[in-house]
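Step one of this worksheet: look at the structure below.
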Number of protein chains: 4
Amino acid sequence: MKVGIIGLGYWGPNLIRNFMSHPEVKTVYGCDLSDDRLNFIKSRFPAAELLKDYNEMLKKDIDIVAISTPVDTHFKFGKMALDAGKNIWVEKPFTATSAESIQLIELAEKKNLKIFVDHTFIYTGAVQKMRDLVDSGEIGAIRYFDSVRINLGLFQHDVNVIWDLAPHDISIMNYLMPNSKVVAVSAHGIANYYDHENVAHLSVYFEDNCFAHFHVNWTSPVKIRKMLVGGDKKMLVFDDMENFEKIKIYDAGVEMSSKEKIHEALVQYRMGDMHSPKVQATEALSLGAAEFIKAINENRDPLTSGKDGLNVVKILEASEKSIKNKGKLIEINQYEYAK
Amino acid sequence: MKVGIIGLGYWGPNLIRNFMSHPEVKTVYGCDLSDDRLNFIKSRFPAAELLKDYNEMLKKDIDIVAISTPVDTHFKFGKMALDAGKNIWVEKPFTATSAESIQLIELAEKKNLKIFVDHTFIYTGAVQKMRDLVDSGEIGAIRYFDSVRINLGLFQHDVNVIWDLAPHDISIMNYLMPNSKVVAVSAHGIANYYDHENVAHLSVYFEDNCFAHFHVNWTSPVKIRKMLVGGDKKMLVFDDMENFEKIKIYDAGVEMSSKEKIHEALVQYRMGDMHSPKVQATEALSLGAAEFIKAINENRDPLTSGKDGLNVVKILEASEKSIKNKGKLIEINQYEYAK
Amino acid sequence: MKVGIIGLGYWGPNLIRNFMSHPEVKTVYGCDLSDDRLNFIKSRFPAAELLKDYNEMLKKDIDIVAISTPVDTHFKFGKMALDAGKNIWVEKPFTATSAESIQLIELAEKKNLKIFVDHTFIYTGAVQKMRDLVDSGEIGAIRYFDSVRINLGLFQHDVNVIWDLAPHDISIMNYLMPNSKVVAVSAHGIANYYDHENVAHLSVYFEDNCFAHFHVNWTSPVKIRKMLVGGDKKMLVFDDMENFEKIKIYDAGVEMSSKEKIHEALVQYRMGDMHSPKVQATEALSLGAAEFIKAINENRDPLTSGKDGLNVVKILEASEKSIKNKGKLIEINQYEYAK
Amino acid sequence: MKVGIIGLGYWGPNLIRNFMSHPEVKTVYGCDLSDDRLNFIKSRFPAAELLKDYNEMLKKDIDIVAISTPVDTHFKFGKMALDAGKNIWVEKPFTATSAESIQLIELAEKKNLKIFVDHTFIYTGAVQKMRDLVDSGEIGAIRYFDSVRINLGLFQHDVNVIWDLAPHDISIMNYLMPNSKVVAVSAHGIANYYDHENVAHLSVYFEDNCFAHFHVNWTSPVKIRKMLVGGDKKMLVFDDMENFEKIKIYDAGVEMSSKEKIHEALVQYRMGDMHSPKVQATEALSLGAAEFIKAINENRDPLTSGKDGLNVVKILEASEKSIKNKGKLIEINQYEYAK
């Protein structure tokens, strides 16, 4: 296989390194407008073939075009690649609007090409382990999902902190709850420094008795990356800042004999053992690359396809409308499919 | 001074012990309908004088009536005490509605009696230290305030998790930002078990460029009690689960040369030293009792007066309207006064 | 039963409270030379009968004398009580010398009286859980035992930091390894401030392939209370500063195909799941009191008898000889008995 | 400058990368007996010139030979390089015996060549900050030094855990206390798996009122890298497992009005604020390489010279004699020089 990468900024070298080390990949092309970046990449990856012109790259006999550019160019570059008959790998978030996502998905389907959206976290050992735990039934039905991703982080020029940080956590939530349908979204926050919010809170309502919340912040003095998944059997905490013991499963919960009237109910609290399973440490990006190549070979959608990208974009898009209106509730329709 | 306490449940013994150990308090009366509680209190505090009839207690020559009963009875017991010419100490939250709060405040003013609302946290060494830091100007203007108070905690029969847990944090916020005016509130959450929410998120909008958020949860497997205060000079973290180093001040921040257009601005990130000041360990409740007695002697409002109680109740009341309407924005008018 | 307590200092009120709340205890006597302490105790425990004269107390019809005085008086007060036909409860460490311990043990046996040494930690949920784990075979054979107990703590007038802090950890070690025989001891440290060491390290050699080390320090800026138990199957960490998850069991270890020559051996490292069992929170002192009363009723040695006290004193005594000689190895013979 | 590296194992690539990126270094040669390693290095560093024969490399016009081979070969390769007129960089520990260290130091002095011993930690921002704090007098005189470095780590074939892990911490201790003279050493431990100890405790006695202890362990289920430095003014904790706040300075201490008799003394405990200074994050190895090149250019000893290497080896050598004799006290004479 041959892979061409457009956009050799912060994430580009990781893409080059991981595709290069895949046994089926023979050649990796790189494309960027900046001579500085091209020179830097050349010094680190002498074997990569580098170009300045995207059209030139599309003429090459490549199987995959990986798009690692600002989000508002994803659609343009993605469409050009699909038109040229290439499968596409797109960094998160998939596109700037859900309409763009749908157009790319339909175009790819028409041409029998595959789309991979780089929701990298899905390929981490921790998220895979969480999904296993949910699938096994050990957690029970998920009652609430709570995510915090805050840091003193780099402000983005073009998007607010939700578009920048929340896609990771939204994609994890969707992956853990494939059968839970999001129906509405509300977002609050503040833009203390310029026109995009640096602190934001996103509430997500589901069709069933479940609720999710995402807290993102570029201006926190401490770095927190923590997720709580409250199941009706057990509860799970994922703390990505821990070097070891990233996942903890608590045999904790509440049981009521009657749901309606608590003063008549027998409430029982349970706080038992905690278990922290070992988590695989393989680099997520390498597993993502392998999955996409495998999906192309098997002529199927990869684990994180365009539809997954679309479902994340729908929530982001709604959050934007909401946050500009102080939390106005925005209803959405998620793409549903049999996983 | 003589003190009478109504409601000898969970918090009652703490009130008895702290009032008894105040040098100016001569007699402490206790009042409860339950013989079991009266017997238990008698065995632990043989010197306390115990009664079953609240009317009997009000006839005694007491200076302070402390009300430690369910919130929906605060108004009734408070009004009776004020009518009988007693100063009142009321557990948080002050009353079930803001109308009740206003009525008690006006009644007390008319009769020149004092109201103390037991926002205990205000009297902790940690909150006093935070207020000092804010007052000194070291933190700068507060940009955002973020609070998390979650636990596997006791469900309340009569109120949701916001009414139960958030008063602590709202009172701290109000105390740290006496000049910031809250203008609107939005609350989201879910009631997984019965009709009151067990998970909730409260967003608070201010007149100026500031934003606050409160996350409360009765069904978390881990106990977190953490506050972030983002100033435009420094940032502060208060972690109440730490035995030592409860407060950390970070010389961290973001500076922009131009507010409007980030792509033209020079953004500078600063992450310098951290400082953790020593925090006084005196029991907050004992300092609260001393403050109320002093305030009565000096014929002035205590640090946590009925007006502070009212401002918390206004936010709780609005949160209730909001959470039942999926985060509908509810505007409020806070009581303003020169502190 | 009737209990008399001599020494109403720091620990005395805990003894009074716990014996008083035991259903079989009818009367608790207290004895102290200080009028201030007697008055303080009277105000907190009006039901206790207080005396100044120890001889007077011994004349009372009491079953247990609890000795909570400086260690160099334990022998004198213990012997008087045994001579007067009373069972004795002695605070740790048992006595100032092993000869004193032996004399008390023999006297008690002759008179069929029981000795309880207050190694309180043995009765904590955490230590009971650790013993269960060792007994179940899950940990395997213990290869090493490592304990750290450091703090900015109160200097003792009469003994060094080993005599003050290490008895807790030595008693736990002995309890977890009833069949491992200590054969020699070496201690290092420094006395920075006066003639008793404030920092000390105690190494303990066993008959078999096991080693233990104790680090104690009165002058550490941070408080650490942590134990590592390295088994050849699993490894255990006990962190007493944790509010939750005090005990963690790691499925970790090293396996070698040949013991003698590592360069020829196949070494395998294993780092699997971690498990943190729930630990009972009942107050240890109350369980200790209950055990002693039960042991007297059943005419048997309690779980922490004079012999357990003696084995701890033997190690302390040897450590003293060693530390004054810069770690000179001191051989010892532990009392052995079928547990 | 030209640099030749012998031994391209685990640490070799780091040496190549750091020397290559130094602006004064023109060529980097690499030398290893293994074709596999040479091929691997070639693929990662195409610009490096690789050889199999060490003698060939010594014939090149190189200024520095960096020796990254097993410790028992350091002397042989170091002597060959010095004989060939090259400055030498030697990985820690410097040599297998102090006699070898002395011989290399004398040979280098005779030929006016420089020796750099790679005590990398000395060049970390954390250790530099600690030295600044000690030099400034803020910590006061150091009373004790306590270091823990434990992990489930790779067993070494040829040396025990002290030789493997303690050189880091001993070099830091020596660097922080240049005027404190070590006079004796005692080591305890156990070899649970083969003939070299996997758990060890090293006590170090000084001429003055100071004491140091090192705890190293290859078989701990948890990874701890922590240092306590107890000064008579303030106390310092260095926790290398923290991502942020690696260094904490505690305004804590003990003061006595009389040293001799504690029961007559007025003891005062102080526990004030804590301060965590920002620590530079520049890669230590790059700063080490820069220091050595600068030292050669300025014809002076580098910060971590052969004499520093010798002083560490003297302690290691003594620890070996001690641990094989259950902690027998071994006296040593450290090399003294005006820093």
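Just so you know, all these numbers are worked out from the coordinates, no wet-lab data involved. Just so you know, these numbers come straight off a predicted model, no measurement behind them. Virtual Cβ from ideal backbone geometry, glycine too; neighbours counted across all protein chains shown.
If you build the convex hull over the alpha carbons only and average its shadow over all orientations, what do you get for region C:32-133? Give it in nm² to one decimal.
Values: hull surface 33.0 nm².
Result: 8.3 nm².
Report, in listed order, any pair from A:LYS52/A:LYS79; A:LYS326/B:LYS233; A:LYS246/D:LYS223; B:LYS26/B:LYS60 with a Cα-Cα distance greater than 21 Å.
On the way: A:LYS52/A:LYS79 19 Å; A:LYS326/B:LYS233 26 Å; A:LYS246/D:LYS223 15 Å; B:LYS26/B:LYS60 13 Å.
Among A:LYS52/A:LYS79; A:LYS326/B:LYS233; A:LYS246/D:LYS223; B:LYS26/B:LYS60, the Cα-Cα distance tops 21 Å for A:LYS326/B:LYS233.
Provide the percentage of antiparallel DSSP beta bridges, counting only those with both residues in chain B; round to the nearest 5.
Working: 43 of 70 bridges.
Here the antiparallel bridges make up roughly 60 percent for chain B.
Tell me which D residue has its C-beta closest to the axis rotating D onto B, and the distance in Å?
D:HIS275, 3
On the Cα set of region C:82-150, report Rg and Dmax in Å, please.
16.4, 46
Taking the Cα centroid of region C:1-70 and of region B:109-137, what is the distance between the two, rounded to the nearest whole Å?
The distance from the Cα centre of region C:1-70 to that of region B:109-137 comes to 42 Å.
Under 14 Å Cα to Cα from A:LYS294, which aspartates and glutamates show up? Leave out anything in the same chain fewer than 8 places away.
Excluding near neighbours in sequence, the set is A:GLU24, A:ASP63.
Sticking with the crude label model, points 7 Å out along Cα→Cβ, report the distance from A:SER286 to B:GLU24 in nm, one decimal please.
7.2
Using the 2.2 N^0.38 Å rule of thumb for compact globular proteins, work out how the protein assembly as shown stacks up: its C-alpha Rg over that value, please.
On the way: Rg = 34.9 Å, N = 1356, 2.2 N^0.38 = 34.1 Å.
Cα Rg divided by the expected 2.2 N^0.38 Å: 1.02.
With contacts defined as alpha carbon pairs under 8 Å and 6 or more residues apart, what's the relative contact order of region A:108-240 in percent?
Values: 239 pairs, mean separation 45.2, N = 133.
Worked out over region A:108-240, it gives 34 percent.
As an exercise, identify the GluC sites (Glu not before Pro) in region C:290-320 lying in DSSP coil whose Cβ has no more than 13 other Cβ atoms within 10 Å.
Sites meeting the loop and neighbour criteria: C:GLU298.
Return the average number of partner chain Cβ atoms within 10 angstrom of each residue Cβ along peptide A:204-215.
Values: counts 1, 4, 1, 0, 0, 4, 2, 9, 2, 9, 0, 5.
Counting other chains' Cβ atoms within 10 Å and averaging over A:204-215 gives 3.
Beyond 30 Å between alpha-carbons counts as too far, so tell me which of A:LYS42/A:LYS76; B:LYS76/B:LYS278; B:LYS114/B:LYS181; C:LYS42/C:LYS111 fall in that bin. Display every interim value, and only then the final one.
Values: A:LYS42/A:LYS76 26 Å; B:LYS76/B:LYS278 42 Å; B:LYS114/B:LYS181 25 Å; C:LYS42/C:LYS111 34 Å.
Check vs 30 Å cut-off fails for B:LYS76/B:LYS278; C:LYS42/C:LYS111.
So what is the relative contact order of chain A, in percent, for Cα pairs below 8 Å that sit 6 or more residues apart?
Across chain A, relative contact order equals 18 percent.
Label B:SER257 and C:ASN179 with points 7 Å out from Cα along Cα→Cβ: what is the distance between them in nm?
Calculated label separation equals 7.6 nm.
Obtain the nm distance between the two label points defined at C:LYS110 and B:ARG300 by a simple spin-label model: each point lies 7 Å from its Cα along the Cα-to-C-beta direction.
According to this spin-label approximation, the distance is 7.3 nm.
How many percent of DSSP beta bridges within the protein assembly as shown run antiparallel, rounded to 5?
Numbers: 176 of 284 bridges.
Of all bridge pairs located within the protein assembly as shown, approximately 60 percent are antiparallel.
Please sort by residue number the GluC sites (Glu not before Pro) in region B:162-262 whose DSSP state is loop and whose Cβ has at most 12 other Cβ atoms within 10 Å.
Values: sites: B:GLU197, B:GLU207, B:GLU242, B:GLU245, B:GLU255, B:GLU260; in loops: B:GLU197, B:GLU207, B:GLU242, B:GLU245, B:GLU260.
Listed in order of number, the matching sites are B:GLU207, B:GLU260.
Of the residues C:GLY30, C:GLY272, C:GLY125, which exhibits the maximal mean-square fluctuation in a Gaussian network model of chain C defined by a 10 Å Cα contact cut-off?
Result: C:GLY272 has the largest fluctuation of those listed.
Would you mind giving the mean number of other chain beta-carbons within 10 Å of the Cβ of each residue in C:153-165, as a whole number?
Working: counts 2, 3, 6, 2, 6, 2, 0, 0, 0, 0, 0, 0, 0.
Across the residues of C:153-165, the mean count of other-chain Cβ atoms within 10 Å is 2.
Only Cα pairs within less than 10 Å get springs; with that Gaussian network setup on chain B, which residue of B:ALA81, B:ALA47, B:ALA284 has the largest fluctuation?
Per the Cα network of chain B with a 10 Å cutoff, B:ALA47 tops the list.
Quick one, can you get me the convex hull of the C-alpha atoms of region B:179-295 expressed as volume per residue in Å³? Display every interim value, and only then the final one.
Working: hull volume 25.5 nm³, N = 117.
Each residue corresponds to 218 Å³ of Cα convex hull volume.
Treating the point 7 Å from Cα along Cα-beta-carbon as the label, what are the nm separations from D:ALA141 to the other copies, to one decimal?
Its label point is 4.8, 5.3, 7.1 nm from the equivalent points in the other copies.
Could you tell me the extents of region C:16-76's C-alpha atoms along the three principal axes, largest first, rounded to whole Å?
32, 26, 21
Provide an ascending nm list, one decimal, of label-point separations from B:THR282 to the equivalent residue in each further copy; define each label point as 7 Å from Cα along Cα→Cβ.
4.0, 4.9, 6.1
Placing +1 at every Lys and Arg Cβ and -1 at every Asp and Glu Cβ, with all other atoms neutral, what dipole size does region B:2-113 have around its Cα centre, in debye to the nearest 20?
Details: 15 positive and 15 negative charges, 45 e Å.
Once rounded to the nearest 20, the dipole reads 220 debye.
Where in region B:277-320 are there trypsin sites (Lys or Arg not before Pro) that are in a DSSP coil and have at most 11 other Cβ atoms within 10 angstrom of their Cβ? Walk me through the intermediate numbers first.
Numbers: sites: B:LYS278, B:LYS294, B:ARG300, B:LYS307, B:LYS314; in loops: B:LYS278, B:ARG300.
Qualifying residues, ordered by number: B:ARG300.
Rank these for me by crowding, C:VAL161, B:VAL134, D:VAL3, going from fewest to most other beta carbons within 10 Å. Please report the intermediate quantities before stating the final value.
Numbers: C:VAL161 26, B:VAL134 20, D:VAL3 29.
Ordered by Cβ neighbours within 10 Å, fewest first: B:VAL134, C:VAL161, D:VAL3.
Going by Cα centres, region A:300-339 and region B:272-312 are how many Å apart?
Between the Cα centres of region A:300-339 and region B:272-312 lies a distance of 47 Å.
Would you calculate, for chain D, the mean residue ellipticity at 222 nm contributed by helices, counting each DSSP H stretch of 4 or more residues as -39,500 (n - 2.57) and dividing by all residues, to the nearest 500? All intermediate terms of the calculation are to be shown ahead of the outcome.
On the way: 9 runs with 107 residues, N = 339.
That comes out to -10000 deg cm²/dmol.
With r defined as the distance between the Cβ atoms of A:ALA141 and B:LYS324 and R0 fixed at 25 Å, what FRET efficiency is calculated, to the nearest 0.05?
Values: r = 24 Å, r/R0 = 0.95.
Computed FRET efficiency for A:ALA141 and B:LYS324 comes out at 0.60.
D:LEU329: net charge of surrounding residues, Cβ under 9 Å, Lys/Arg +1, Asp/Glu -1, itself excluded? Walk me through the numbers before you get to the answer.
Values: positive: C:LYS326, C:LYS328, D:LYS328; negative: D:GLU331.
Taking every other residue near D:LEU329 into account, the sum is +2.
For a quick check, take a GNM of chain B with Cα springs below 10 Å and name the residue from B:TYR250, B:TYR194, B:TYR144 with the largest mean-square fluctuation.
B:TYR194
To make sure I understand, if each residue's beta carbon is the centre and we count other beta carbons within 10 Å, what order do A:MET57, C:MET271, D:MET235 fall in, fewest to most? Mind dumping the intermediate values first?
Numbers: A:MET57 22, C:MET271 14, D:MET235 27.
Least to most surrounded, the residues fall as C:MET271, A:MET57, D:MET235.
At a Förster distance of 25 Å, what's the computed FRET efficiency of B:ARG44 paired with B:TYR335, Cβ-Cβ distance as r, to 0.05? Each step should come with its number before you reach the end.
Numbers: r = 39 Å, r/R0 = 1.55.
E(calc), rounded to 0.05, equals 0.05.
Using a cut-off of 9 Å between beta-carbons, work out the net charge of the residues near C:LYS60 (Lys and Arg +1, Asp and Glu -1, C:LYS60 not included).
Details: positive: C:LYS2, C:LYS59; negative: C:GLU49, C:GLU56, C:ASP61.
Neighbourhood net charge equals -1.
Quick one: grab Rg to one decimal and Dmax as a whole number for chain A, Cα atoms only, in Å.
21.1, 73
For chain D, with the dipole built from +1 on Lys and Arg beta-carbon atoms and -1 on Asp and Glu ones, taken about the Cα centre, which of D:SER68, D:SER203, D:ILE247 lies farthest toward the positive end?
Highest projection toward the positive end goes to D:SER68.
As I understand it, the dipole of region D:2-113 uses +1 on the Cβ of Lys and Arg and -1 on the Cβ of Asp and Glu, about the Cα centre. Which of D:LEU82, D:GLN103, D:MET20 lies farthest toward its positive end?
Of the listed residues, the answer is D:MET20.
Given Cα pairs under 8 Å that are at least 6 residues apart, what percent is the relative contact order of region A:1-148? Could you put the intermediate results ahead of the total?
Numbers: 208 pairs, mean separation 27.1, N = 148.
Reported as a whole number, the value is 18 percent.
Starting from a label point 7 Å past Cα on the Cβ side, list the distances from B:TYR335 to the same position in the other copies, nm, shortest first.
With the label placed 7 Å along Cα→Cβ, B:TYR335 yields 5.5, 6.8, 7.6 nm.
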